[in-house]
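Peer 1: Could you have a look at this structure, given as structure tokens, before my questions?
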Amino acid sequence: MAKAAMTVIRGGRVLDIKRHAAPKADILVKDDTIVEIGRPGLAAPPAATMLDARDRLLQPGLINGHTHSHGNLAKGMMDRITLELLLTASPYMSGARTLEDKYLSSLIGAAEMVLKGCTAAYDLAAEFPMPTAEGLAAIGQAYADIGMRATLAPMVADTSFFEAIPGLMDRLSPSLRKEVERYRLAPYKASVAQMKKALHGWKLASKGVQLAVAPTIPHHCSREFLLACLKLSKDYGTGLHSHVAESKVQVIAGYQLYGRSLAAYMDSLGLVGPDFTVAHGVWLDGDDMKLLGDRGASVSHNPGSNMLLGNGIADMRGMLDAKVNVGIGTDGASCSDNQNMYENMRLASMVSKVQGPDRQNWISTEEVLEAATAGSARALGLGDRIGKLEAGYKADIVFLDLGHVNWIPFNDPTNQIVHTEDGSAVHSVMIGGRMVVENHKLLTVDLAQIARKAEKTRERLAKGRAPAKALYDRLEKVVGTFCPGLAKQPLHIDRYAGGHHHGHAH
Ligand SMILES: [Zn+2]
């Protein structure tokens, strides 16, 4: 047996989220795991490698509860775009990708995440018209090459956006209707076969990359498909992840199609349980939150994306009160335009404070930071291994530079991580006992080489996307009026700023 690699991290200040404190402590790491956190001068085997952490604040790696690796090649392409227009634009923004493009897009996102203090992510990767075992292997390899953990869930559907929104197809001209037929997805059995193949031959578990299943949006999947996803997740012991009640249009579509909320519909099929994660949940009502809490389910709260797409503001307090496990996410770079968990923590705190005058309902910084670490970890299915700096947990540690201007002066580590830090004081990042970032430099891949490759890829994709853009421009006129029309219908809850807080089911 190989001798264990021991590392002792000396001289740092270790974050205690709840106490808003960071006492000096040393951390002993054996292979990929924290074995002891103790007073300065902690005994360590003489052969242990010493890491100097003086003037560093040590915090658990942030965990991104919801992102999309395919979005990283499309960052900054759009503005003033609703979720429904984003879905319409996705063939234009993220279509025609080669296997190498999928790898590259994931690599860019993973690089950004680790450089900004994020050590694990729930990635809902897209491939059109269905996921492939090869595509998933390529995307997973990108995380492995960066040295970051990921729960990789291929987004699947068998109903296109145009077919999924009641009445939308009828608004398209016959010629447009014919055009969107090319956006038809693969039959669900084909997607299931590919996911099975990927799950069966998965080789990256030892690299910290695992698979999960993501029926992308409830009404974008047939009932049979949702049940097949549930079976897959049970057979292979994976998580389930779905965009539920992200936009008001989705909730209205759900009532029209199923006569109930989307969360209640998913529950009626048996999908809602401890392994189930809702992305966004902006338009969940009180009953939905109670249902999710009772079932032990999670929500990834992604405030940056919710605001950018005009979806409204999720009720994180309502979720916590209902005992829902809440994580924090960035969402894809195609609709939040970066992968910065510090920014999303800050937003999660701030948006809670504009939802009502009762400050006891506002989300505290420790609640936000718990959500972005232990909360997201549980959503990823890794709650017993990551998200905390404690003996027995994986050594996923962010070293913040206390000499950085963000930390001058150092008053309160919990408040300052959430409200002051923006990622620029991330000095070094350890994942599973291995340094992935040191002195602001990525150690595992060559960022300059990635930049050159990305520029070539960007050029090629831009050249090829004119027809998809032309079609988007025609569709935009219809979707851009039909969907806001739906969203102007009254609903028993309101999640737009200025709306009523804590709505009740009718
Ligand atoms: Zn998403």
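The values are calculated or read from the model by the stated rules, or taken from the named source; none is laboratory data. Source: prediction; values computed, not measured. All Cβ positions, glycine included, derive from the backbone under ideal geometry; neighbour counts span all protein chains shown. Accessible surface is based on the protein model in full, side chains and every heavy atom, while ligands, DNA and RNA are left aside. Shrake-Rupley method; radii C 1.70, N 1.55, O 1.52, S 1.80 Å.
Peer 1: If you scan the stretch 396-428, which residues turn out to be hydrophobic (A, V, I, L, M, F, W, C), under 21 Å from the mean Cα position of the chain (by Cα) and over 24 Å from Gly304 (Cα atoms)?
Peer 2: Result: Ile397, single match.
Peer 1: Among what's in the stretch 264-280 and is touching a Leu at 6+ places or on another chain (Cβ under 6 Å) and aliphatic (A, V, I, L, M), pick the residue that is nearest to Ala121 (Cα to Cα).
Peer 2: Leu271
Peer 1: Restricting to the stretch 199-223, name every residue that is among the small types (Gly, Ala, Ser) and open to solvent by 10 Å² or more (accessible area, probe 1.4 Å).
Peer 2: Those that are among the small types (Gly, Ala, Ser) and open to solvent by 10 Å² or more (accessible area, probe 1.4 Å): Gly201, Ala205, Ser206, Gly208, Ser222.
Peer 1: Still on this structure: Among the residues of the stretch 132-163, what is the count of those that are of a type in the set (A, V, I, L, M) and within 30 Å of Lys178 (Cβ to Cβ)?
Peer 2: 3
Peer 1: Would you confirm, using the coordinates I've provided, whether Ala297 is open to solvent by less than 10 Å² (accessible area, probe 1.4 Å), away from the ligand (no atom under 16 Å from the Cβ) and on the phi < 0 side of the Ramachandran plot?
Peer 2: Yes; evaluated as a whole, the condition is true for this residue.
Peer 1: For residues that are in a strand (DSSP E or B) and either more than 25 Å from Met130 (Cβ to Cβ) or modelled with pLDDT under 95 (or both), scanning just the stretch 58-73, find the one that is nearest to the ligand (Cβ to nearest atom).
Peer 2: Ile63
Peer 1: Would you mind finding the one in Thr67, Thr82 that is within 20 Å of the chain's Cα centre (by Cα) and open to solvent by 10 Å² or more (accessible area, probe 1.4 Å)?
Peer 2: Exactly one residue qualifies, and that residue is Thr82.
Peer 1: What residue, of Gly403, Gly387, Gly423, Gly392, is surrounded by 22 or more Cβ atoms within 10 Å (Cβ to Cβ), of a type outside the set (Ser, Thr, Tyr) and either in contact with a helix residue (DSSP H, G or I) (Cβ under 9 Å, 6 or more places away or on another chain) or assigned to a loop (DSSP other than H, G, I, E, B) (or both)?
Peer 2: Gly387
Peer 1: Looking for something more than 16 Å from the ligand (Cβ to nearest atom), of a type in the set (S, T, N, Q), over 24 Å from Cys229 (Cα atoms) and open to solvent by less than 10 Å² (accessible area, probe 1.4 Å) - is there at least one such residue anywhere in the stretch 95-107?
Peer 2: No, every residue in the stretch 95-107 fails to be more than 16 Å from the ligand (Cβ to nearest atom), of a type in the set (S, T, N, Q), over 24 Å from Cys229 (Cα atoms) and open to solvent by less than 10 Å² (accessible area, probe 1.4 Å).
Peer 1: Let me ask you something else. Which residues, taken from the stretch 326-355, are open to solvent by 10 Å² or more (accessible area, probe 1.4 Å) and either within 15 Å of the ligand (Cβ to nearest atom) or at positive phi (or both)?
Peer 2: Scanning the stretch 326-355 gives Ser334, Ser336, Asp337, Asn338.
Peer 1: May I ask you to list the residues in the stretch 305-325 that are within 16 Å of the ligand (Cβ to nearest atom) and either out of contact with any Cys (no Cβ under 9 Å at 6 or more places or on another chain) or among the charged types (D, E, K, R) (or both)?
Peer 2: Asn306, Met307, Gly310, Asn311, Gly312, Ala314
Peer 1: Which residue, of Asp235, Asp267, is closer than 20 Å to Gly318 by Cα and open to solvent by 10 Å² or more (accessible area, probe 1.4 Å)?
Peer 2: Asp267
Peer 1: Working carefully through the options Leu491, Leu461, Leu402, Leu447, find the one that is in contact (Cβ under 8 Å) with a residue 60 or more places away in the chain and touching a strand residue (DSSP E or B) at 6+ places or on another chain (Cβ under 7 Å).
Peer 2: On inspection, the qualifying residue turns out to be Leu402.
Peer 1: Quick check on my filter: what residues within the stretch 162-218 are within 21 Å of the chain's Cα centre (by Cα) and in a loop (DSSP other than H, G, I, E, B)?
Peer 2: Passing the criteria: Leu204, Gly208, Ala212, Thr216, Ile217.
Peer 1: Looking at the stretch 138-148, is at least one residue part of a helix (DSSP H, G or I), touching a helix residue (DSSP H, G or I) at 6+ places or on another chain (Cβ under 7 Å), crowded, with 24+ Cβ neighbours inside 10 Å and polar (S, T, N, Q)?
Peer 2: Among the residues of the stretch 138-148, not one is part of a helix (DSSP H, G or I), touching a helix residue (DSSP H, G or I) at 6+ places or on another chain (Cβ under 7 Å), crowded, with 24+ Cβ neighbours inside 10 Å and polar (S, T, N, Q), which makes the answer no.
Residues checked against (1) more than 25 Å from His241 (Cα to Cα); (2) of a type in the set (Gly, Ala, Ser):
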site	(1), (2)
Thr67	no, no
Asn72	no, no
Asp79	yes, no
Leu87	no, no
Asp101	no, no
Ser106	no, yes
